[in-house]
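Participant: Okay, handing you the structure first.
The values are calculated or read from the model by the stated rules, or taken from the named source; none is laboratory data. On a predicted model such as this, the values are computed, not experimentally measured, just so you know. Note that each Cβ is placed from the backbone with ideal geometry, even for glycine, and that neighbours are counted across all protein chains shown. These accessible areas exclude ligands, DNA and RNA; they are computed on the full protein's heavy atoms, side chains included. Shrake-Rupley method; radii C 1.70, N 1.55, O 1.52, S 1.80 Å.
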Amino acid sequence: MAQALSEIAVLPTTPTITAAEFEAIRALARRQFGLDLKPGKEALVAARLSRRLQALGLISFEAYLDYLAADRSGRELADLIDALTTNFTSFLREPAHFEFLRRSMLPRLSQRRSISIWSAGCATGEEPYTIAMVTLDAANTRWSNLRILASDISNRALETARRGIYPSARVDSLPENWKSRFLQIGCGQWQDHFRFKADVRDLVAFRRINLMESLQALPRFPVIFCRNVMIYFDRAIQQRVITRLEEHLEPGGILFIGHSEGLTGIRHSMDYVMPAVYRKPGALSKG
Ligand SMILES: C[S@@+](CC[C@H](N)C(=O)[O-])C[C@H]1O[C@@H](n2cnc3c(N)ncnc32)[C@H](O)[C@@H]1O
């Protein structure tokens with residue numbers, strides 16, 4: 001009986017969140033990450049953050065907010081965003097985008113000394129690894145030419161991405177010849193998993209980049225994928241992010257966004273190419 005009671009005592013429960021506490025977290029998440037936590041999401045936010053409270057041994061959101069305010073390292077902020085975002089993604093998501101990359105962009109880029117592509121909001125890595133496989137599979141692409149920058153705000157997602165190990169079920173949709181060329185079967189604790197071969201992993205540089213912060217240190221890219229990231233942002237933040245992404249596109253460069261993320265109502269100078277694909281005016285340089 002005593003054991004049963006102690007088990008009950010450690011059962012995870014979600015502390016209640018007051019309107020003021022929710023508002024404080026909402027304002028912080030918007031300011032720091034652009035995250036738009038709509039009113040009505042109180043229960044969801046409380047449930048997602050309750051694990052952070054447990055991990056820190058805190059019993060209320062009031063105490064959690066004090067902890068956040070006192071933490072100058074930024075570590076808890078990073079854990080907060082990890083807890084609040086979902087990193088859903090998949091290999092070859094929106095195949096038409098990769099077909100467009102293969103047919104319309106790669107032939108124009110293949111003569112370059114280097115092809116750099118940015119996957120902004122790469123989550124657990126399926127998108128940048130898909131870009132790598134499509135590009136390597138395309139005629140004329142030399143491995144030594146390809147550089148992929150893959151960024152996300154979530155440390156947890158980036159850790160998975162860097163490891164490059166995925167359950168077999170996740171790679172099922174990939175062509176068999178890609179699997180044998182780019183992946184190796186896991187063993188030991190990684191049975192039923194596949195890992196990207198080291199030379200594929202080496203093509204992708206994973207970095208933590210918050211799209212809300214200055215991107216000035218980044219170069220311009222002929223191709224940027226920023227798909228299903230702006231769903232987190234309100235219109236004002238979407239505007240800010242699109243303006244920045246456009247600045248980081250080369251003339252003639254292509255921006256891929258998510259299918260549910262139209263640019264209606266957002267000021268930009270890009271031309272619509274096809275659903276969720278936009279081109280910056282100008283000619284793509286060959287060199
Ligand atoms: C749903 S996933 C999309 C993954 C992939 N692009 C795709 O379409 O499959 C969205 C990603 O955006 C990231 N994200 C959210 N806010 C961000 C921000 N302010 N800066 C950078 N990444 C952010 C999340 O961590 C998450 O991994």
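Participant: Name every residue in the stretch 161-200 that is modelled with pLDDT of 95 or more, open to solvent by 40 Å² or more (accessible area, probe 1.4 Å) and among the hydroxyl-bearing types (Ser, Thr, Tyr), in order of residue number.
Facilitator: The answer is 180, and nothing else.
Participant: Can you tell which of 94, 62 is buried (at least 17 other Cβ atoms within 10 Å of the Cβ) and of a type outside the set (A, V, I, L, M)?
Facilitator: On inspection, the qualifying residue turns out to be 94.
Participant: Give just the number: which of (1) open to solvent by less than 70 Å² (accessible area, probe 1.4 Å); (2) modelled with pLDDT of 95 or more does residue 262 not satisfy?
Facilitator: The one condition residue 262 does not meet is (2).
Participant: Still on this structure, I have one more. Quickly run through the stretch 207-225 and pick out the residues that are near the ligand (Cβ under 7 Å from one of its atoms) and either among the basic types (Lys, Arg) or surrounded by 22 or more Cβ atoms within 10 Å (Cβ to Cβ) (or both).
Facilitator: 211, 225
Participant: Follow-up question, since we're still on this one. Could you check residue 210 against (1) of a type outside the set (A, V, I, L, M); (2) in contact with a helix residue (DSSP H, G or I) (Cβ under 7 Å, 6 or more places away or on another chain); (3) assigned to a helix (DSSP H, G or I) and say which number it fails?
Facilitator: Failed condition: (3).
Participant: Ok, one more. Which condition number in (1) within 28 Å of residue 84 (Cβ to Cβ); (2) touching a Gly at 6+ places or on another chain (Cβ under 8 Å); (3) within 15 Å of the ligand (Cβ to nearest atom) is the one that residue 117 fails?
Facilitator: (2)
Participant: Are there any pairs with C-beta distances below 8 angstrom linking a residue in the stretch 78-103 that is near the ligand (Cβ under 8 Å from one of its atoms) to a residue that is open to solvent by 50 Å² or more (accessible area, probe 1.4 Å) and in a loop (DSSP other than H, G, I, E, B), with the two at least 6 apart or on different chains, and if so which?
Facilitator: Cβ pairs passing all conditions: 90/173; 94/259.
Participant: Quick test for you: out of 58, 106, pick the one residue that is aliphatic (A, V, I, L, M), part of a helix (DSSP H, G or I) and away from the ligand (no atom under 15 Å from the Cβ).
Facilitator: 106
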